[in-house]
Amino acid sequence: MASSAALKCLVLVDEAPDLELWYAVPDDLIHRELRGCRVSVPLRRRKVQGTVISVAPVEGQEGFALRPIAHLLHPKPLVPPALLELAEWMSDYYACRLEVVVRGMIPEMIRTGSSGFKTQKAVRLRKEVAAEELEALRKKAPRQAAILEGLSPGVEELLATLSSRHASAAQAIKRLEEDGWVEILDQVQARDPSRAEQFLASQPLQLTDEQAEALRVVELDLEAEPADKKPILLKGVTGSGKTEVYLQAIARVIDQGWNVIVLVPEISLTPQTTERFKRRFALIQDRVAILHSHLSEGERHDEWRKILDGKARITIGARSAIFAPMEKVGLIVVDEEHENTYKQENPPRYQGRDVAVVRGRIEGATVLLGSATPSLESWHNTQNGKYKLVELTRRADDQRMPVTRIIDMRSEGRVRRAGQKEVATIISEPLRIAIDQRIARGEQTILFLNRRGYSPSVVCQDCGHRVECPHCSVTLTYHEGDSRLVCHLCGFQRVPLKKCPECKSGTIFLAGYGTERVEQILRKLFPRGRIARIDTDTMKRKTQLEDTLNDFKAQKYDLLIGTQMIAKGLHFPNVTLVGVLNADLGLHIPDFRAGERTFQLLTQVAGRAGRGHLLGEVLVQTFTPHNPSIQYARHHDFDGFASQEMDARRILNFPPFVHVILITARSEHERRAQFCAETLHKRLVSDLPPEFLISDPMPSPLVRMANQFRFQVLMRAKNPRRLVAHIRKHLDALTFPEDVIVTVDIDAYNLS
Ligand code: ADP
Ligand code: ZN
Ligand code: ZN
């Protein structure tokens, strides 16, 4: 009865996110934690689903007007209170509607309750049954009483089991549910994606002095009062044993009864990584939940349920695992904290590492960020005292860092080998010799090129025309394997051209090279070499990546060529040579982070070499050998790189000294997108406080993508909240044509 309810709750209804809908809390739910619960509520004449955002006392007579919640969809909050608080912070900071944030926290299939996974109905007591109540029921409905008597508090009984014990059980249970005695749940048959594998336990290693010191800093923070905690940045060269520090810190936290969330970049969520965790925590293997995008829907559901039901002690996952509904979180680890994959590029546009820091603060948990090449944002935070810094300067097994040689392709590329002049511009002579030696010695080589396909552009020799995607402002990439021109932005494909579409000349040639072409050249250069290639074209099936990496580890290949998929976290003791084919690829992108990204990538790739007892060598082919990013990476000199890059950022007013906010207007109609960007810009500057910087409205570097024209305004400020408020004020006052979409990206990473 709504009228007698003393509480009301605000429900975010999935299909009407803009409405502020209050419902009465029915008596039987009054003592429950409702915030974050999924509920079914009446909306006009229908039942709809939503999430409870807040609960408040009913005032005066308003109770009479409120309709009650129909029922709870799941007995526990899918968004526990700490996460709701996090959602509110995100909604505020990232200028994103709370509904979008909350929605993003719950996996689609859990939210919609759609099946497709194995569930069985189970029955559970909702309240204690007093002896006299049971007695009363026994007289009225003996069958119901018999079932009720057989249930113990907190224990779920399968409906099927009850049916086998009692005649007409289903009907009786239905009545018991209606009268509020029991609830009927979907009990999921867990499918652990790695259940088939049995991992042998691994023992903690004897820590080096540096590792022990790092662990001590983490332990001090674990013991500190919440107000005294600070995120810790663990900066350790590749192979310095950061993971061992995580593992031992996690073990402490688990022993003390707390739970742990570990974020890793999607790309390094390889079986290698997850196996390391499962082995160390072999005793509680089934209490480690793994979340990543290669899971089937059913697997993801099971892993998530394991967390929700409080069975998981450790959650390991990519970005969105920071929303795991885990309770008692004592430690959050963010591995490779500098990785761009922590940034979500769809609404809600958040940076997972930063959200991890905020969640840690809300929960009073210790936050440990690790990287060999920290983001300048986190680095800055160690300099201004917001984060603590601990360093591992040496490799754990006392291996020397690999030796890096820079190959100047301006001269090397011109060296001609008989009949192979184009080959030398792709694999220089020193690199060819080095690979040859490795094959002869039975050692392995990794070659890195961050571009897939055969050739990134098709050019007319007569008029210089480059074949572009009809929907995007990028050239089409030639893929020889399926003889197609492909757009890497929108996926458009067409058959290769015989003639130039502009001047009809037949002298079309393939400019540049991608991994597919390199593989072909390698096969010619090293006919005896066993070669594997890893990129999104060759790794289409779920198990392919795993299989290829395992085969490479088992030394069934001499050479591995790949894109950024192989740049991170892999550990192959027999790899003594790493070649970077075109170190300049990322340098000429119009983005203030281009140098930082190149430095990170080169350092990470180089870190794949010499991880066993053999010394590693890295050869870097470049046309700009004196570029600071390349030189600092060569000397494994993060501090040097950071110091000069920070100076530049400070002078030019770029992050980490300010926050950037990118506003983009896009539309199929070029003029309308442009007009909207210009109008908005005019408003924004009309009362612009001097503390904010604003660019002119301009075409995005990729002006056209998937048929949408894009124009942008870049804003910068020391205080992002005030800037967001300024932007919001003007956005809310404007109405844009329906076919124009305006997005606001706070702390933007992708400026193209
Ligand atoms: P990172 O995460 O910093 O790249 P890893 O944790 O992968 O480094 O460690 C690199 C290698 O060193 C691994 O093979 C690991 O088993 C080994 N290792 C780590 N710590 C120690 C240690 N204290 N003693 C011996 N070997 C170690
Ligand atoms: Zn032409
Ligand atoms: Zn395209």
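Restricting to the range 545-584, give me the number of residues that are basic (Lys, Arg) and under 22 Å from the mean Cα position of the chain (by Cα). Talk me through it step by step, then tell me what you get.
Initial filter on the range 545-584 (basic (Lys, Arg)): 553, 556, 568.
Checking which are under 22 Å from the mean Cα position of the chain (by Cα) leaves us with 568.
Final tally of qualifying residues: 1.
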*Which numbered condition trips up residue 467, out of (1) more than 16 Å from ligand 3 (Cβ to nearest atom); (2) touching a residue at least 24 places away in the same chain (Cβ under 8 Å); (3) open to solvent by less than 50 Å² (accessible area, probe 1.4 Å); (4) outside the structural domain of residue 525 (by TED's automatic domain parsing)?*
(1)
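Evaluate the range 52-61: report whether one residue or more is touching a residue at least 60 places away in the same chain (Cβ under 8 Å) and surrounded by 21 or more Cβ atoms within 10 Å (Cβ to Cβ). Lay out the reasoning, then the answer.
Here is the first cut: in the range 52-61, the residues touching a residue at least 60 places away in the same chain (Cβ under 8 Å) are none.
No, there is no match, as no residue in the range 52-61 is touching a residue at least 60 places away in the same chain (Cβ under 8 Å) and surrounded by 21 or more Cβ atoms within 10 Å (Cβ to Cβ).
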*Mind checking whether some residue in the range 435-443 is of a type outside the set (Asp, Glu), assigned to a loop (DSSP other than H, G, I, E, B) and farther than 26 Å from residue 528 by Cβ?*
no
_Matching option when the condition is hydrophobic (A, V, I, L, M, F, W, C), open to solvent by 10 Å² or more (accessible area, probe 1.4 Å) and on the phi < 0 side of the Ramachandran plot, among 318, 312, 324, 356_ = 318
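For (1) over 18 Å from residue 632 (Cβ atoms); (2) not in a helix (DSSP H, G or I), each residue gets a yes or a no:
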position	(1), (2)
358	yes, no
367	yes, yes
379	no, no
401	no, yes
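Only residues that are in contact with a Pro (Cβ under 9 Å, 6 or more places away or on another chain) and either open to solvent by 10 Å² or more (accessible area, probe 1.4 Å) or within 22 Å of residue 244 (Cβ to Cβ) (or both): list them for the range 337-353, please.
Of the residues in the range 337-353, the ones in contact with a Pro (Cβ under 9 Å, 6 or more places away or on another chain) are 337-342.
Within the range 337-353, 337, 338, 339, 340, 341 meet the criteria.
Of the residues that sit in the range 296-317 and are of a type in the set (A, V, I, L, M, F, W, C) and not in a helix (DSSP H, G or I), which one is nearest to residue 281 (Cα to Cα)? Explain how you work it out, then say what you get.
In the first step, residues of the range 296-317 are kept if they are of a type in the set (A, V, I, L, M, F, W, C); the result is 304, 307-308, 312, 314, 316.
Cutting the leftovers down to not in a helix (DSSP H, G or I) gives us 312, 314, 316.
Numbers: 312: 12, 314: 9, 316: 12 Å.
This residue is 314.
So which of 514, 491 is buried (at least 19 other Cβ atoms within 10 Å of the Cβ), more than 16 Å from ligand 1 (Cβ to nearest atom) and among the small types (Gly, Ala, Ser)?
Going through 514, 491 in turn, just one is buried (at least 19 other Cβ atoms within 10 Å of the Cβ), more than 16 Å from ligand 1 (Cβ to nearest atom) and among the small types (Gly, Ala, Ser): 514.
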*Among the residues of the range 133-161, how many are within 43 Å of the chain's Cα centre (by Cα) and part of a helix (DSSP H, G or I)?*
3
*asked:* Considering only residues that are at pLDDT 90 or above, touching a strand residue (DSSP E or B) at 6+ places or on another chain (Cβ under 6 Å) and open to solvent by less than 10 Å² (accessible area, probe 1.4 Å), which ones fall in the range 564-582?
replied: 575, 577, 578, 579, 580, 581
_Pair list, Cβ < 8 Å and 6+ apart or interchain, from the range 732-752 residues that are touching a residue at least 60 places away in the same chain (Cβ under 8 Å) to residues that are open to solvent by less than 20 Å² (accessible area, probe 1.4 Å) and in a loop (DSSP other than H, G, I, E, B)_ = 746/94; 747/655; 749/593
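Is it the case, given these coordinates, that residue 731 is more than 16 Å from ligand 1 (Cβ to nearest atom), open to solvent by 20 Å² or more (accessible area, probe 1.4 Å), farther than 21 Å from residue 473 by Cα and touching a strand residue (DSSP E or B) at 6+ places or on another chain (Cβ under 8 Å)?
Values: more than 16 Å from ligand 1 (Cβ to nearest atom): yes; open to solvent by 20 Å² or more (accessible area, probe 1.4 Å): yes; farther than 21 Å from residue 473 by Cα: yes; touching a strand residue (DSSP E or B) at 6+ places or on another chain (Cβ under 8 Å): yes.
Yes, satisfied.
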_Within the range 596-631, tally of residues that are farther than 19 Å from residue 336 by Cβ and assigned to a helix (DSSP H, G or I)_ = 3
_Given (1) modelled with pLDDT under 90; (2) open to solvent by less than 60 Å² (accessible area, probe 1.4 Å), index of the condition residue 23 fails_ = (1)
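Conditions tested, residue by residue: (1) assigned by TED's automatic domain parsing to the domain that holds residue 354; (2) buried (at least 16 other Cβ atoms within 10 Å of the Cβ).
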position	(1), (2)
204	no, no
213	yes, no
218	yes, yes
229	yes, yes
238	yes, yes
247	yes, yes
256	yes, no
281	yes, yes
*Run down 55, 102 and say which single residue is under 20 Å from the mean Cα position of the chain (by Cα) and not polar (S, T, N, Q).*
102
*asked:* Given the criteria more than 16 Å from ligand 1 (Cβ to nearest atom) and in contact (Cβ under 8 Å) with a residue 24 or more places away in the chain, does residue 501 qualify?
replied: yes
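Restricting the search to the range 615-663, which residues are open to solvent by 50 Å² or more (accessible area, probe 1.4 Å), on the phi < 0 side of the Ramachandran plot and in contact (Cβ under 8 Å) with a residue 40 or more places away in the chain?
Of the residues in the range 615-663, the ones open to solvent by 50 Å² or more (accessible area, probe 1.4 Å) are 615, 623, 626, 628, 632, 634-637, 639, 643-644, 647, 650-653, 659.
Pick out the ones that are also on the phi < 0 side of the Ramachandran plot and you get 615, 623, 626, 628, 632, 634-635, 637, 639, 643-644, 647, 650-652, 659.
Across the range 615-663, the qualifying residues are 615, 623, 634, 635, 652, 659.
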*Of the numbered conditions (1) touching a Gly at 6+ places or on another chain (Cβ under 9 Å); (2) closer than 30 Å to residue 355 by Cα, residue 125 fails exactly one; give the number of that condition.*
(2)
_Options 675, 692: the member that is outside the structural domain of residue 345 (by TED's automatic domain parsing) and within 13 Å of residue 740 (Cβ to Cβ)_ = 675
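The values are calculated or read from the model by the stated rules, or taken from the named source; none is laboratory data. On a predicted model such as this, the values are computed, not experimentally measured, just so you know. Glycine also receives a Cβ, built like all others from the backbone with ideal geometry; neighbour counts cover every protein chain displayed. Surface accessibility is based on the protein's heavy atoms, side chains included, excluding ligands, DNA and RNA. Shrake-Rupley method; radii C 1.70, N 1.55, O 1.52, S 1.80 Å.
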